[in-house]
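Structure, as structure tokens:
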Amino acid sequence: MPVTVSMTVNGKAVSGEVEPRTLLVQFIRENLKLTGTHVGCDTSQCGACVVHIDGTSVKSCTVLAMQAEGSEVNTIESLATNDELHPMQAAFRENHGLQCGFCTPGMVMSAVDLVKENPDPSEQEIREWLEGNICRCTGYHNIVKSIKAGAEAMRS
Amino acid sequence: MTSEGIGASVRRKEDYRFLTGNGHYLDDINRQGQAHASFVRSPHAAAKINGIDISNATNAPGVIAVFTGKDLADDGIGPLICGWAITSKNGDAHNAPAHPALAVDTVRYVGDAVAIVIAETLEQAKDGAEQVAVDYEELPAVASPVGAMSASSPLVHDDAPGNLCYDWEIGDKAETDAAFEKAAHVTHMDIVNNRLIPNAVEPRAAIGEYDVGGDNLTLYTTSQNPHVARLVLSAFNGVAPEHKLRVIAPDVGGGFGSKIFIYAEETVCLWAARKVRQPVKWTAARSESFQTDAHGRDHVSKAELALDADGKFLGLRVNTVANMGAYLSTFATCVPSYLYATLLAGQYTTPAIYCDVQAVFTNTTPVDAYRGAGRPEATFVIERLVEQAAKETGRDPAELRRINMVPVDAFPYQTPVIQQYDCGNYGAALDVALDKADYAGFAQRRSDAEARGKRRGIGFSSYIEACGIAPSAAVGALGGGVGLWESGQIRFNPTGNVTIFTGSHSHGQGHETTFAQIVATRLGVAVENVEVVHGDTDKVMFGMGTYGSRSAAVGGSALCKAADKIVEKGMKIAAHILEASEDDIEFTDGNFTVAGTDKTMSIGEVAFAAYVPHNYPEGVEPGLNETAFYDPLNFSFPAGTHICEVEIDPDTGSVEIVNYTAIDDFGTVINPMIVEGQVHGGVAQGVGQALLEGCVYDDAGQLLTGSFMDYAMPRASTVPSIDVGMTETPSPLNPLGVKGCGEAGAIAAPAATINAVVDALWDLGVRDVPMPATASAVWQTIQSAAQAAE
Amino acid sequence: MYEFDYQRPASLADAVSALQSAEDGQLLAGGHTLLPTLKQRLARPSDLIDISSIGELRGIAVDGDTITVGATTTHAEVEGSEAVRSAIPALADLAGMIGDPQVRHRGTIGGSIANNDPAADYPGAVLGLGATVVTNKREITADDFFLGLFETALAEDEIITAVRFSKPEKACYMKFAQPASRFSLVGAFVAKTSGGVRVAVTGAGQEGVFRVTEMEAALDANFSADAIANIAVPDDNLNSDIHGSAEYRAHLIGVMAKRAIAGCG
């Protein structure tokens, strides 16, 4: 039996008819056509689907759309303003923190949340924070470097 | 070097779209009226199919159609193919049992597809798939390659006696045996190269689409080589003639080899789209990726190295059993043969080498090329043996390598196993690595670690690889079914900007940037004015795709050839307009100038004149658009030395990499930032193989590592920061001097890492550690050594 | 996932009646165990009853030496709670070792212990600290709560409302993670409490979390790593799989317990 779900996504009030079994990531990708949020696994581990709900990073593949009812959801598409990259996005570009780009939206959304909690993270803290984000291309080396630089840019 | 030409770390043109969520990966594409597919897969490693009842599924809500292997066969859709012929020792062609895209009467591995259910929504397709009733009669299965060779093993295919695909050899056996007779010391090892699951973070996916009006089919697919896919789907599977089939590989989220192959799912979705007159979309769940993406490695070897009294290598003898899985994947046969044993000389002057390889079928997922493909296995054999030999004979491992390296003045160097190395300076890379890794200070670091209760070890890997694959004639002579050239096209637009078309495919490598740098350098246009098009058979004339670190060496060289033609034509146009002889025109930095004068015109102006040919040389065609095909003269041979330093907690067996130094010679480097990124990623995959990743089947052929819950992927906290450096001996054999950088890390790192682990534990009596050297495995190894000592 | 109905009751009482009236109802809080299970189609509940917005189930309360953690309090909230960190730092540390940051933002203490995954971390703390599980019906001591693999003392219509911890004299949790899932391969929670020393082990046991009474007795006499140096945990009831043999897990219990004792300071 379809149900109606409503929330605010990237600052815009949205609602849709969904089956209760619809995941938040499906709602974002299929109903809202925001395809920057990706799905890379089915065991809640890869983190390609990370979005923010009420300002906190979560895995949108492990949240029902209905669980986000009434929430403020932000996806990767919300970060750049007027075509200008967010400092964290810019840091990833500057430091070659991405290769194939598939894990990148989740990685960046996770990183932005880290800096919110910890404005000046050490390399170790960054590596530990990324426990839930898998990248197969970069070996994480430049991702860590990017986040360090992105945090610095976000502080200033 | 200009600020954005060859040699500059130009920031990537593709990043903006990826960083803002505007990439177009396959699952982001939705076609009008699209239906969704779910595959019914075998839960058994081996079973006879006594019947398939699709009636409930057909009637399930939303289900549009259900097809089985019989439907495919009835439509004349051919089996999946393997495109490389290997000849056994006895002259027989390799055994290639039929590989139907949907199993007909037998399933041979867990995940083998049996039927496709197409429905209005994905959940309905999955619901429908559960309603397909397959009557399986379980059969005994075999998962281990060595087990498959035993006389009592069940047969994976009735028409493959002994489960043998081929029994192949390379090198001179008699000469090698003779070398061992003269040896002062022989190092023997049993070496297992663990089976890996590729796990590109984007799962494989496909959309088949049929255009009734034009009778055209389009396949959107996660492919590293869309033209090869089209060729195979057309010529061998018979899904559509080549001119009626368009294959599009959009943004692809990593490949590492696993997206080279032509799989069952895209074949079936494409065929089914015509059947149901609707686009058919399938995206793998990660659990399907684990079961169906071609796996990598899985070698079991016996290896021996003969040394004389001075430590010079006299001979190398290797026997390898290679697991092919249940069926032959697209390039499976060449991986443990020509991509493996031809590299067994390594960086050394070993005069006699012999290797024989038995490739066998098992009830497991097909095995094919995975980052490095054969070359990591070769490097692991050599570099484990060399390190072990150094320890057994009391020599410094770096020095033992050095005295056996091919000297700088010996190039081109012919090895005893086909390859002729073009150039290199192996000792230089070793020296830089020793310096950067502070080898001299290791003893002190080791004793400091000991004081903290940790065991510290250092390990080397001086690897070589053959990249830039490959000269077509050589490929043909060795059994390859295709030519391995590449195409490039440079099209100046009338307004002076440039669109380039390449048959290489970028799925993380950054070709949109590096190929633009090549053309910018050659033609003097700004990188921002160069757009790179790839991944669409309707746009790019043809291509062989991206694998084997070939894109820059082969695809980049094709663009150089096309650029030369552009300049050649531009000379004629400029000479005419500038009223000079063609011989007097010079082309530098994008300008055609009459030598010794200030009469000049830019290449943009030449392009405009070519498209608006009002004042134009007679006999010259309008337009400025040149194409080129480039067939390489030889492989290229990147090489280098990696040094890994580990600390082991003997109480738990945990291994921590405390230093990792990679010194590589990739020839000319187009974009150092991107090349370093390739090394980082490759090393992480190699370290992953050494310490974390291992695909495990139980004896019944059930996949025990079927998700990220059981297959340990490298994470940010488990891979080290990597110190990267380069030496540079440009390849004399291609116009760019490049060698290829995509696989080096994955090739070098396993041996460096395991050598370090063994070094750390050598004094405890440990002589070998299996991969992956998990804490559990290391601890167990320490215990066994202690028990053996008692 | 199979189809189900979704309900979001506003109060505990409504949740209980929803659970009672559903054919096969399942409580949903953070969903970080349940949803992955449903995605694999390994369970087919008729109804998901989302209790995450019931205010009375969430939050951390301090009363003297007692800390009460509401059932739907997330791991991140426990990890970041100053109250928890000052009273029982080991509990905050443990919460910070669960999964990854995104899992910790959603996963809840109630969900973790109700599921009683043998490799979960929280059961180690609940049993190690001798906590009390509070439900809508009763209070259950940790020793009575965990009954075996994915089994607890909870009745079908019983809902955990909170977990109550008493501040120990000292405590420490040491985790050795399974390399792929990062769940606990062996986790040892050692606590010196007013009722004596407790040593709880998670990850290793075939029947889930368990106490090592022999170590507890030795530590009651002498709270030092040396006291348990010669105590070997038998490996006959321990898990053995591709990530570690029972023998290895038995060995790690000793190592992790000793490190936990050292960590108690």
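Using only alpha-carbon positions, what ratio does the radius of gyration of region A:3-76 give when scaled by 2.2 N^0.38 Å? Please list the in-between numbers first.
Values: Rg = 10.9 Å, N = 74, 2.2 N^0.38 = 11.3 Å.
After normalising by residue count via 2.2 N^0.38 Å, the value is 0.96.
Calculate the dipole size of chain B relative to its Cα centre from +1 charges on Lys and Arg beta carbons and -1 charges on Asp and Glu beta carbons; express the result in debye to the nearest 20. Mind dumping the intermediate values first?
Details: 54 positive and 97 negative charges, 76 e Å.
Once rounded to the nearest 20, the dipole reads 360 debye.
At what distance in angstrom do the alpha carbon centres of region B:760-790 and region C:173-191 lie from each other?
Between the Cα centre of region B:760-790 and that of region C:173-191, the gap is 23 Å.
Starting from the residue with the highest accessible area, list B:K569, B:K391 in decreasing order, probe 1.4 Å. Don't jump to the answer; show the numbers that get you there.
On the way: B:K569 30, B:K391 50 Å².
From most exposed to least exposed: B:K391, B:K569.
Can you pull out the trypsin sites (Lys or Arg not before Pro) in region A:7-112 that DSSP calls coil and that have at most 13 other Cβ atoms within 10 Å?
Details: sites: A:K12, A:R21, A:R29, A:K33, A:K59, A:R93; in loops: A:R21, A:K33.
Of the trypsin sites (Lys or Arg not before Pro), the ones in loops of region A:7-112 whose Cβ has at most 13 other Cβ atoms within 10 Å are A:K33.
Rg(Cα) of the protein assembly as shown divided by 2.2 N^0.38 Å? Mind showing how you got there, number by number?
Details: Rg = 30.9 Å, N = 1211, 2.2 N^0.38 = 32.7 Å.
Against the compact-globule rule of thumb, the ratio is 0.95.
Below 16 Å, Cα to Cα, which lysines can B:K572 reach? Residues fewer than 8 away in the same chain don't count.
Cross-link targets: B:K599.
Post the alpha-carbon centroid distance, region B:106-171 to region B:21-46, in whole angstrom.
About 21 Å separates the Cα centre of region B:106-171 from the one of region B:21-46.
Can you list the HN-Hα couplings for region B:54-60, worked out from phi with the Karplus curve (6.51, -1.76, 1.60; θ = phi - 60°), rounded to whole Hz and with x for Gly and Pro?
For region B:54-60, the Karplus curve yields 9, 5, 5, 5, 4, 8, 5 Hz.
Using the Cα centre as the reference, give the magnitude of the dipole from point charges on the C-beta atoms of region B:656-790 (Lys, Arg: +1; Asp, Glu: -1; all else neutral), rounded to the nearest 20 debye. Intermediate values should be presented prior to the final figure.
Working: 3 positive and 15 negative charges, 45 e Å.
In total the dipole reaches around 220 debye.
Let a ≥ b ≥ c be the square roots of the eigenvalues of the Cα gyration tensor of region B:325-476; is it rounded (a/c under 1.5), or, if not, prolate (a/b larger than b/c) or oblate? Walk me through the numbers before you get to the answer.
Values: a/c = 2.42, a/b = 1.48, b/c = 1.63.
Cα axes put region B:325-476 in the oblate bin.
Label region C:170-264 by shape, choosing from rounded, prolate and oblate, from the square roots a ≥ b ≥ c of the eigenvalues of the Cα gyration tensor; if a/c is under 1.5 it is rounded, and otherwise prolate applies when a/b is larger than b/c, oblate when it is not.
It comes out prolate by the Cα gyration axes.
Under the definition of Cα pairs under 8 Å and six or more residues apart, what whole-number percent is the relative contact order of chain B?
In percent, rounded to a whole number, it is 15.
Using the Kirkwood formula over every pair of different C-alpha atoms, what hydrodynamic radius in Å results for region A:44-102?
Working: mean 1/r = 0.0770 Å⁻¹.
Final number for the Kirkwood radius of region A:44-102 is 13.0 Å.
With a ≥ b ≥ c the root eigenvalues of the C-alpha gyration tensor of region B:455-585, is it rounded (a/c under 1.5), prolate (a/b larger than b/c) or oblate? Please report the intermediate quantities before stating the final value.
Numbers: a/c = 2.11, a/b = 1.82, b/c = 1.15.
Prolate is the answer for region B:455-585, as a/c is 1.5 or above and a/b outweighs b/c.
Can you grab the distance from the C-alpha centre of region A:98-128 to the C-alpha centre of region C:1-56, Å, no decimals?
Cα centres, region A:98-128 to region C:1-56: 32 Å.
Using the basic label-point model (7 angstrom from Cα toward the beta carbon), what is the A:E72 to B:A85 distance in nanometres?
It works out to 6.8 nm between the two label points.
Using a Förster radius of 45 Å, what is the FRET efficiency between C:S53 and B:E120 based on their Cβ-Cβ separation? Nearest 0.05, please.
Working: r = 33 Å, r/R0 = 0.73.
That pair, C:S53 with B:E120, gives E of 0.85.
With each label point set 7 Å from Cα along the Cα-Cβ vector, what nm distance links C:D63 and A:D54?
2.5 nm
Can you tell me the relative contact order of region C:170-264? Whole percent, Cα pairs under 8 Å, sequence separation 6 or more. Mind dumping the intermediate values first?
Values: 187 pairs, mean separation 29.3, N = 95.
Relative contact order, region C:170-264: 31 percent.
For C:I60, B:I260, what's the largest-to-smallest order of accessible area, 1.4 Å probe?
Values: C:I60 55, B:I260 10 Å².
My answer, sorted largest first, is C:I60, B:I260.
Pick out, from B:V300, B:L328, B:A272, the residue whose Cα sits farthest towards the positive end of the charge dipole of region B:251-334, with +1 on the Cβ of Lys and Arg and -1 on the Cβ of Asp and Glu.
The one lying farthest along the dipole's positive direction is B:A272.
For region B:452-535, state which trypsin sites (Lys or Arg not before Pro) are in a DSSP loop and have at most 14 other beta carbons lying within 10 Å of their beta carbon. Each step should come with its number before you reach the end.
Working: sites: B:R452, B:K454, B:R455, B:R456, B:R491, B:R522; in loops: B:R452, B:K454.
Passing sites in region B:452-535 are B:R452.
Please give the residues of region B:547-567, grouped as numeric ranges, whose backbone N is less than 12 Å from a label point set 7 Å along the Cα-to-Cβ vector of B:D583.
Taking a point 7 Å out along Cα→Cβ of B:D583, no residue of region B:547-567 has its backbone N under 12 Å.
Using a simple spin-label model with points 7 Å from Cα along the Cα→Cβ vector, what separation in nm is obtained for B:Q787 and C:S17?
6.3 nm
So between B:T393 and B:N497, what do we pick up on full extension, going 0.36 nm a residue minus the alpha carbon distance? Don't skip to the end; give the middle numbers.
On the way: separation 104, 0.36 × 104 = 37.44 nm, distance 6.27 nm.
Gain in length upon complete extension: 31.2 nm.
Taking the Cα centre as origin and putting +1 on Lys and Arg beta-carbons and -1 on Asp and Glu beta-carbons, what dipole magnitude results for region B:224-314, to the nearest 20 debye? Spell out each step's value before the answer.
Details: 12 positive and 10 negative charges, 148 e Å.
It comes to approximately 720 debye.
Using +1 at the Cβ of each Lys and Arg and -1 at the Cβ of each Asp and Glu in region B:582-686, identify which of B:V612, B:L633, B:V594 lies farthest towards the dipole's positive end.
The listed residue farthest towards the positive side: B:V612.
Report, in order of residue number, the helices in chain B meeting two criteria: a C-alpha extent of 20 Å or more along the helix axis, and a mean Kyte-Doolittle hydropathy of at least -1.0; treat each whole DSSP H run as one helix.
Numbers: long enough: B:375-392 (25 Å, -0.43); B:557-577 (30 Å, 0.38); B:672-691 (28 Å, 0.49); B:744-761 (26 Å, 1.44); B:775-789 (21 Å, 0.39).
The answer, listed by residue number, is B:375-392, B:557-577, B:672-691, B:744-761, B:775-789.
If one takes the longest principal axis of the Cα atoms in chain C, at what angle in degrees, from 0 to 90 and to the nearest 10, does the Cα axis of helix C:12-21 lie?
That helix lies at roughly 70 degrees to the long axis.
What FRET efficiency, computed as 1/(1 + (r/R0)^6) with R0 = 51 Å and r the Cβ-Cβ distance, is obtained for B:A309 and A:S156, rounded to the nearest 0.05?
Details: r = 65 Å, r/R0 = 1.27.
Calculated transfer efficiency: 0.20.
Can you tell me the FRET efficiency between B:L764 and C:A262 if r is taken as the Cβ-Cβ distance and R0 is 25 Å, rounded to the nearest 0.05?
Details: r = 24 Å, r/R0 = 0.97.
E between B:L764 and C:A262, to the nearest 0.05, is 0.55.
Are there GluC sites (Glu not before Pro) in region B:639-741 that DSSP marks as loop and that have at most 15 other Cβ atoms within 10 Å, and which are they? Each step should come with its number before you reach the end.
Values: sites: B:E645, B:E647, B:E656, B:E676, B:E693, B:E728; in loops: B:E693, B:E728.
In loop regions of region B:639-741 (DSSP not H, G, I, E or B), the sparsely surrounded GluC sites (Glu not before Pro) are B:E728.
Before anything else, pin down the relative contact order of region B:632-698: Cα pairs under 8 Å, at least 6 apart, normalised by residue count, whole percent.
On the way: 47 pairs, mean separation 17.2, N = 67.
So the answer I get is 26 percent.
Using alpha carbons only, how many degrees (0 to 90, rounded to 10) separate the axis of helix C:246-264 from the longest principal axis of chain C?
So the helix axis and the longest Cα principal axis differ by about 80 degrees.
Over all Cα pairs of region B:230-271, how is the pair count split among 10 Å bins, expressed in % and running from 0 up to the last occupied bin?
All Cα pairs, binned at 10 Å, distribute as 26, 55, 19 percent.
How big is the equivalent ellipsoid of chain A along its three axes, where each semi-axis is √(5λ) from the Cα gyration tensor, reported in whole Å from largest to smallest? Working shown, then result.
Values: eigenvalues 150, 51, 34 Å².
Taking √(5λ) for each eigenvalue gives 27, 16, 13 Å, largest first.
Within the P(r) computed for chain B, what percentage of the Cα pairs occupies the region above 48 Å?
Numbers: 66786 of 311655 pairs.
Looking at chain B, the distances longer than 48 Å represent 21 percent of pairs.
So what does the Cα-only Debye profile of chain C read at q = 0.07, 0.09, 0.11, 0.15 Å⁻¹, as log10 I(q)/I(0), no solvent term?
Cα-only, vacuum Debye calculation for chain C: -0.23, -0.39, -0.58, -1.05.
The values are calculated or read from the model by the stated rules, or taken from the named source; none is laboratory data. Since this is a predicted model, take the numbers as computed values, not measurements. We place every Cβ from the backbone using ideal geometry, glycine too, and count neighbours over all the protein chains shown. Surface areas here come from the heavy atoms of the whole protein model, side chains and all, with no ligands, DNA or RNA. Shrake-Rupley method; radii C 1.70, N 1.55, O 1.52, S 1.80 Å.
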